């Protein structure tokens, strides 16, 4: 597969620093890094190493000081705020440590949320939502509210929400961080399936070495700089 | 498409207690707002329904009410013979020369004195007021010291009930009937024979004249001619306009009072709504971050919280209007500042008041929700997501 080796994410000379008063704290320093299409990448490193910031920059929810991030053909570091939001809606799926489901919406409605930003009809949306809930094995729980689901089930709903728009990349920030071993294993298997069966590109930040094992590639960040393992 | 309305609605429902408490505060303000409008409406309706648009009232120029007016007998004769005056079935003109005097009577409850209008009526007076119907007893005999009392006066003032005796004009007057005038100002009057009353009150002139127009559309021409006639010092008004003018001072007073009260109260209610909405935003920082990450625009977040605040306001509006609707059961009396007499009327609710009240509550919700919603929409995504 020639397509598989073509990088979907290209990061060039990326730098970011936080400012506290007059103090400048560098978080990322001159990062250069490609991620191939269909790859499962784990970003590891100690707290404060900048791995979440890197993930946020790739996902287009944070802005860089210098350098560029290209996802597919789009240089997202150049997009304005509205365009960036539009780009996120179609191109990135988010998986969070604490699932971040909307508590007042049912599993079905949570998964449907990103589709409300598309031009799909109600019937088409229903088809998409049911299809992805089937993928994560929760089609029978679609009318349940998040509070009626276990942690593992909530994370599966969150994954369904992340993939419902069929985005190019999925970003996951500690997706197993709040789960017990068994649920974490289920989630990791599901993510593995998304990479293998559905050809998704997954970028995951994790502390958990067992989670990182599932990845094709582990990148270590230390004081804002990358090292390859 | 933005964030679904159900999101805003269900968030309110999830925080039921807070929602109900905040909405009740707003409801109270809407209640005051609606009640004031209902009061003004009731007053205007009562006074306006008192008049009939076919009837013309003739008063002395620059007199604001019948009480201040006087029409000389020779002018009355001239006016009586104008061609615009309609003729009744009995061949007599449908015109009444009346006397209107204020007297002081004690209320049945509390013994407090209040002014009551005494109207000396003519043969045609009753025909000119189709709203007035005898309810009990009979009409006074011409030339006798007998009176009939309006229902509201009969109920509320001492000596005005059927069979009771009133003393005024240095004579005793027997109440021989009670009339029902619906929701009109006549319900707050006492009627008796005009000539008897003119003698009793030592009045050489009539107070006012009222007649039915043969052709109501000829009013403007009639008014112009009569008011320009050098022999006459009268002013012609349609009866409806006359009573509308009477209600104006009071209605304006009520409206200003109500508005001032409502504005002061609404500041409190708006602050309540703001606190509630700030709390709602603070509790949902992560949700806001998530929605933004998913690709919802700032304006969608703004709209969603504004809708939530509007719904909150409307809940208050519905509560307030619901409570205010019960005020319709209450009849109150107050001084009619134009005639200085007591006037009984009830709170009147109509569609326009409901609409205005709900609009007002929505505006309060909007004002209260604007700042919190703006704050929600301006959050930094990364910081919001970190708030977990």
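Each row is one residue, and each column tells you yes or no for (1) within 23 Å of the chain's Cα centre (by Cα); (2) in contact (Cβ under 8 Å) with a residue 40 or more places away in the chain; (3) on the phi > 0 side of the Ramachandran plot; (4) exposed (fewer than 14 other Cβ atoms within 10 Å of the Cβ).
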residue: B:62; (1), (2), (3), (4): no, yes, yes, yes
residue: B:65; (1), (2), (3), (4): yes, yes, no, no
residue: B:72; (1), (2), (3), (4): no, yes, no, no
residue: B:82; (1), (2), (3), (4): no, yes, no, no
residue: B:87; (1), (2), (3), (4): no, yes, no, yes
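Got at least one residue in region A:87-96 being in contact with a strand residue (DSSP E or B) (Cβ under 8 Å, 6 or more places away or on another chain), modelled with pLDDT under 95 and at positive phi?
Among the residues of region A:87-96, not one is in contact with a strand residue (DSSP E or B) (Cβ under 8 Å, 6 or more places away or on another chain), modelled with pLDDT under 95 and at positive phi, which makes the answer no.
For every residue, the table says whether it meets (1) touching a residue at least 40 places away in the same chain (Cβ under 8 Å); (2) outside any helix (DSSP H, G or I); (3) surrounded by fewer than 21 Cβ atoms within 10 Å (Cβ to Cβ).
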{"residue": "B:245", "(1), (2), (3)": "yes, no, yes"}
{"residue": "B:253", "(1), (2), (3)": "yes, no, yes"}
{"residue": "B:263", "(1), (2), (3)": "no, no, yes"}
{"residue": "B:268", "(1), (2), (3)": "yes, no, yes"}
{"residue": "B:287", "(1), (2), (3)": "no, no, no"}
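Looking at the structure I just gave you, is residue A:178 surrounded by fewer than 22 Cβ atoms within 10 Å (Cβ to Cβ) and at pLDDT below 90?
In short, yes.
Looking only at region B:1-49, count every residue that is in contact with a helix residue (DSSP H, G or I) (Cβ under 8 Å, 6 or more places away or on another chain), in a helix (DSSP H, G or I) and under 30 Å from residue A:125 (Cα atoms) and tell me the total.
Going through region B:1-49 one residue at a time, the tally reaches 8.
Select from region B:77-96 the residues that are farther than 19 Å from residue B:59 by Cβ and in a strand (DSSP E or B) and list them in ascending order.
Passing the criteria: only B:87.
Based on what the data block shows, is residue B:332 within 14 Å of chain A (Cβ to nearest Cβ), touching a helix residue (DSSP H, G or I) at 6+ places or on another chain (Cβ under 9 Å) and modelled with pLDDT under 95?
So residue B:332 fails the test.
Could you please tell me which pairs satisfy a Cβ distance under 7 Å, a separation of 6+ or placement on different chains, a first residue in region A:59-73 that is in contact (Cβ under 8 Å) with a residue 24 or more places away in the chain, and a second residue that is part of a loop (DSSP other than H, G, I, E, B) and surrounded by fewer than 22 Cβ atoms within 10 Å (Cβ to Cβ)?
Pairs that qualify, where the first residue is in contact (Cβ under 8 Å) with a residue 24 or more places away in the chain and the partner is part of a loop (DSSP other than H, G, I, E, B) and surrounded by fewer than 22 Cβ atoms within 10 Å (Cβ to Cβ), are A:71/A:168; A:72/A:168.
Output the residues belonging to region B:314-325 that are under 16 Å from the mean Cα position of the chain (by Cα) and surrounded by fewer than 23 Cβ atoms within 10 Å (Cβ to Cβ).
Selection gives B:325 alone.
Only one residue in B:234, B:281 is in contact (Cβ under 8 Å) with a residue 24 or more places away in the chain and in contact with a helix residue (DSSP H, G or I) (Cβ under 6 Å, 6 or more places away or on another chain). Which one?
B:281
Please verify whether region A:62-76 includes one or more residues that are under 16 Å from residue A:167 (Cβ atoms), part of a loop (DSSP other than H, G, I, E, B) and within 14 Å of another protein chain (Cβ to nearest Cβ).
No: zero hits.
Check residue A:45 against each of (1) more than 14 Å from every other protein chain (Cβ to nearest Cβ); (2) at positive phi; (3) surrounded by fewer than 19 Cβ atoms within 10 Å (Cβ to Cβ) and name the one condition it does not meet.
For residue A:45, the exception is condition (3).
State all residues of region B:265-282 that are at pLDDT below 90 and under 16 Å from residue A:103 (Cα atoms); if no residue qualifies, say none.
Listed by number, the list holds a single entry, B:280.
What is the one condition in (1) surrounded by fewer than 22 Cβ atoms within 10 Å (Cβ to Cβ); (2) within 14 Å of chain A (Cβ to nearest Cβ) that residue B:32 does not satisfy?
Checking residue B:32 against (1) surrounded by fewer than 22 Cβ atoms within 10 Å (Cβ to Cβ); (2) within 14 Å of chain A (Cβ to nearest Cβ), the one that fails is (2).
State all residues of region A:68-93 that are under 15 Å from residue A:13 (Cβ atoms) and out of contact with any helix residue (DSSP H, G or I) (no Cβ under 7 Å at 6 or more places or on another chain); if no residue qualifies, say none.
A:70, A:75, A:77, A:78
Considering only residues that are in contact with a strand residue (DSSP E or B) (Cβ under 7 Å, 6 or more places away or on another chain) and surrounded by fewer than 18 Cβ atoms within 10 Å (Cβ to Cβ), which ones fall in region B:144-158?
Passing the criteria: B:144, B:158.
Conditions: (1) within 14 Å of chain A (Cβ to nearest Cβ); (2) over 30 Å from the mean Cα position of the chain (by Cα); (3) buried (at least 20 other Cβ atoms within 10 Å of the Cβ); (4) in a helix (DSSP H, G or I). Residue B:300 meets all but one. Number of the miss?
Every condition holds for residue B:300 apart from (3).
May I ask you to verify whether residue B:54 is more than 19 Å from residue B:249 (Cα to Cα) and without any contact (Cβ under 8 Å) to a residue 24 or more places away in the chain?
No, not satisfied.
The values are calculated or read from the model by the stated rules, or taken from the named source; none is laboratory data. These numbers were taken from a predicted model, which means no experiment stands behind them. Don't worry about glycine lacking a Cβ; one is built from the backbone with ideal geometry, like all the others, and counts go over all protein chains shown.
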